[in-house]
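The values are calculated or read from the model by the stated rules, or taken from the named source; none is laboratory data. Worth saying up front: this structure is predicted, and the values here are computed from it rather than measured. Note: ideal-geometry Cβ built from the backbone for every residue, glycine included; neighbour counts use all protein chains shown.
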Amino acid sequence: MKVSKISQGVYKVTDKQGVWIAKGGFATANNKWTAYDAENADDCSNENNWAVQFDTFKQLKKYSQSF
C-alpha cells in the first residue's frame, strides 16, 4: 500500500484494489475518515464514497485491506 499526502486530512492511496482517496480529520465536518473511489480529491462526492466512516485513518486502511 502506497499512501501519498495531498493536503491536511486528504490522502491518495494505491493498493492491490486500485487507487482511492481518503479524507478525514480537519478535512471533514465531523472529523471522521471515509474513502472515495476517485483518482483525485476534486472527484470525491456522495456518489462514490464507501458509505462507512472510521475514527482514525489507521482503521480505514485496515478496513480497505479486508476485501
In region 1-11, what residues are outside any loop (DSSP other than H, G, I, E, B) and among the aliphatic types (A, V, I, L, M)?
V3, I6, V10
Which residue pairs have Cβ atoms closer than 9 Å, lie 6 or more positions apart in sequence or on different chains, and pair a first residue in region 1-16 that is free of Cβ contacts under 8 Å to residues at least 60 places away in the same chain and at positive phi with a second residue that is among the hydrophobic types (A, V, I, L, M, F, W, C) and not in a strand (DSSP E or B)?
G9/F26; G9/A27; G9/F57
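Which of the residues belonging to region 12-52 are of a type outside the set (D, E, K, R), within 19 Å of F67 (Cβ to Cβ) and outside any loop (DSSP other than H, G, I, E, B)? Lay out the reasoning, then the answer.
Let us first name the residues in region 12-52 that are of a type outside the set (D, E, K, R), namely 13-14, 17-22, 24-31, 33-36, 38, 40-41, 44-46, 48-52.
Within this subset, residues satisfying the condition of being within 19 Å of F67 (Cβ to Cβ) are 13-14, 17-22, 33-36, 38, 48-52.
Answer for region 12-52, where residues must be of a type outside the set (D, E, K, R), within 19 Å of F67 (Cβ to Cβ) and outside any loop (DSSP other than H, G, I, E, B): V13, T14, G18, V19, W20, I21, A22, W33, T34, A35, Y36, N49.
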Restricting to region 18-27, name every residue that is without any contact (Cβ under 8 Å) to a residue 24 or more places away in the chain and under 17 Å from K62 (Cα atoms).
G18, V19, I21, K23
Taking first residues from region 33-60 that are touching a residue at least 12 places away in the same chain (Cβ under 8 Å) and second residues anywhere that are of a type in the set (S, T, N, Q) and assigned to a helix (DSSP H, G or I), the pairs with Cβ under 8 Å that are 6 or more apart or on different chains are W33/Q59; A35/S64
Can you find a residue that is more than 16 Å from F57 (Cα to Cα) and either at pLDDT 95 or above or basic (K, R) (or both) anywhere in region 10-17?
yes
For region 20-67, which positions are under 18 Å from M1 (Cα atoms), surrounded by fewer than 14 Cβ atoms within 10 Å (Cβ to Cβ) and among the hydrophobic types (A, V, I, L, M, F, W, C)?
F67
